[in-house]
Amino acid sequence: LIPSLSNPTNTIMTVKMVWDYSAPTTCTSPPLPPGSWSIAPLTTSTPISLRNITDLRIRIDALRIDAGLTAFGWTDSPLLVDTPTRAIHINELRKALLEVYTACTTVPPVFLLPANDVIPGVSLVSLTDITELRTAATNAP
């Protein structure tokens, strides 16, 4: 029953909200068509470039929006021509993408180095990092 609002100073209403997290209503991104990456295919002679990072950021942000998340707050955004590829870029890409898998209640990918294990000043950003991220972004829900 909804109480009369003719005397609102003496009216107290309690509302119980029930959320169902078992079935997301989003997470319907279409698969990437062939040729979706600016630099393809990646080979052992492909240098890691800012274009790789930018492509991944664009795809991951689209996946995040589709999953009901906000776009990620990337470090060094926008990337400038002289911005070096840094460990934080890889760690943020992984974090942002893993949040998509979590929001879509999908088993997340396993990276060769776990998230935040690309250590600044110690680990080199590798072709494997980019390839794993591309695969996870391509196969994301």
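Other residues lying with their Cβ under 15 Å from the Cβ of PRO78 contribute a combined charge of -2, Lys and Arg counting +1, Asp and Glu -1. Computed over neighbours whose Cβ is under 13 Å from that of TYR101, the net charge equals +1, Lys and Arg +1, Asp and Glu -1. Our coupling estimate for region 71-78, obtained by passing each phi through the Karplus curve with A = 6.51, B = -1.76, C = 1.60 and θ = phi - 60°, is 4, 7, x, 5, 6, 6, 10, x Hz, Gly and Pro reported as x. Here the Karplus relation 6.51 cos²θ - 1.76 cosθ + 1.60, evaluated at θ = phi - 60°, turns the backbone of region 56-66 into coupling constants of 5, 4, 5, 5, 5, 4, 5, 5, 5, 4, 4 Hz, with x for every Gly and Pro.
The numbers here are math on the coordinates, done by the rules we state, and not lab data. This one's a predicted model, so the numbers in the text were calculated from it and none came from an experiment. FYI the Cβ positions are ideal-geometry reconstructions off the backbone, even for glycines, and counts take in every protein chain you see.
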